[in-house]
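Inspection log for the structure reproduced underneath, given as structure tokens.
Any read-out appearing in this document is the output of simple, stated calculations on the displayed coordinates, not a laboratory observation. Please read these numbers as outputs of a predicted model, since none were measured by experiment. Here the Cβ positions follow ideal geometry from the backbone for every residue, glycine too, while neighbour counts run over all protein chains shown.
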Amino acid sequence: MDVALRPDVNLSILFTELPLLERPAAAAACGFDAVELWWPFSQPVPPDREVDALCRSLRDAGVALVGLNFDAGDLGAGDRGLVSWPGQERRFADNVAATVAIAEATGCRALNALYGNRVEGVAPAAQDDLATENLALAAAAAARIGATVLVETQNTTDSPRFPLARAADAAAVIDRVGQATGATNLALLADLYHLHREGEDLVATIGAQAGRIGHVQVADDPGRHQPGTGDIDFPAALDALAAAGYRGYVGLEYRPLGPSAESFGWLPPERRGSGGPSATEV
């Protein structure tokens with residue numbers, strides 16, 4: 001597959017056979033110079049020593065952190081974010097400060113805020129109002145370091161209580177926050193796996209949302225494994241992104257079939273470098 005856009009490796013789903021702090025070096029050994037992470041700590045405000053250790057592992061490996069999720073709750077238990085979750089306002093606010101501090105220290109400028117599941121007994125409109133407030137808070141904090149807050153979709157098969165299933169749903173949230181608060185640094189995270197699994201025509205969706213796309217992630221469907229193992233036409237989708245003017249990162253966010261280091265055969269070694277700054281340059 002000929003991928004013209006800049007790849008990065010999601011270290012929360014790849015190289016999980018290794019401890020977290022060994023994964024940046026493993027990605028570098030496979031030829032990558034950029035990585036991203038889901039929230040990698042067990043607390044919304046991690047101890048300084050844990051943050052310092054992560055930053056050191058990135059610097060030592062010479063890889064740049066180009067994407068980071070805000071705390072999204074317990075993903076393994078089915079949580080899908082804090083943004084619209086009543087009762088989690090303080091946790092989210094505290095985590096925003098911690099996340100932006102890490103982003104500032106590492107040079108990361110793309111921060112993903114998972115919207116959160118619908119909560120039984122709470123009116124959807126109330127959750128959406130809370131989400132507007134929380135996203136405005138995150139956008140204001142991110143703007144201070146020149147960062148973008150990303151809004152992502154989740155497919156309804158894997159996450160049936162998550163309300164943003166299609167790209168247009170996430171785009172509507174971005175527009176709503178912008179209209180209500182004037183925030184201009186929110187963008188769509190176009191996860192091609194989730195969009196395809198939800199039945200979207202990827203080329204048409206990319207064309208319709210081109211001006212809003214701030215980050216891209218890839219995994220094949222079905223299975224959420226590496227490209228080439230499922231039904232997604234990645235050359236067509238990536239060509240559409242290039243034609244739409246997207247020049248950002250493409251996060252490899254898939255569950256590898258086999259060892260992680262052996263799952264990159266679809267991407268030639270000479271195409272694995274991102275062309276962006278390394279961790280030693282930020």
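See the values below:
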read-out	value
Dipole of the chain, positive direction: furthest Cα of GLY223, PHE264, ALA64, with charges on the beta-carbon	ALA64
Label-point gap, in nm, between ASP233 and ARG91 - each point 7 angstrom along Cα→Cβ	4.3 nm
Integer Hz, Karplus 6.51/-1.76/1.60 couplings in order for the stretch 202-216, x for Gly and Pro	4, 5, 5, 5, 4, x, 6, 10, 3, x, 9, 6, x, 6, 10
Solvent-free Debye scattering, log10 I(q)/I(0), computed from the Cα coordinates of the stretch 41-163 at q = 0.14, 0.15 Å⁻¹	-0.61, -0.69
The stretch 101-205: C-alpha gyration tensor shape, a/c 1.5 cut-off, then a/b vs b/c	oblate
Highest-first arrangement of 148-159, 184-195, where packing means the average Cβ count within 10 Å	184-195, 148-159
Relative contact order, percent, the chain [alpha-carbon distance under 8 Å, six or more residues apart]	24 percent
Kirkwood Rh (inverse of mean 1/r, distinct Cα pairs), the stretch 169-267, angstrom	14.3 Å
Alpha-carbon centroid distance for the pair the stretch 1-49 / the stretch 93-122, whole angstrom	17 Å
Rounded FRET efficiency, nearest 0.05, which uses the C-beta distance separating GLU270 from SER42 and R0 of 35 Å	0.40
Cβ crowding within 10 Å averaged over residues, with 72-79, 257-264, 6-13, 23-30 ranked highest first	6-13, 23-30, 257-264, 72-79
Highest-first arrangement of 116-123, 227-234, where packing means the average Cβ count within 10 Å	227-234, 116-123
Charged-residue dipole, Cβ positions (Lys, Arg, Asp, Glu), the chain about Cα centre, Debye nearest 20	420 debye
Hypothetical label at ALA208: residues of the stretch 150-190 whose amide nitrogen lies under 16 Å (7 Å Cα-Cβ projection)	153-156, 164-175, 188-190
Long-range amide H partners of ASP8 with built H, under 5 Å	VAL250, GLY251, LEU252
Extreme residue, positive dipole direction of the chain, given options LEU111, THR153, ALA183 (C-beta unit charges)	ALA183
Gain on full stretching of the segment that runs from ARG247 to ARG59 - 0.36 nm per residue minus C-alpha separation	65.3 nm
Label selected from [x] 18.8; [y] 21.2; [z] 20.6, the criterion being Kirkwood radius over Cα pairs in Å as computed here	[x]
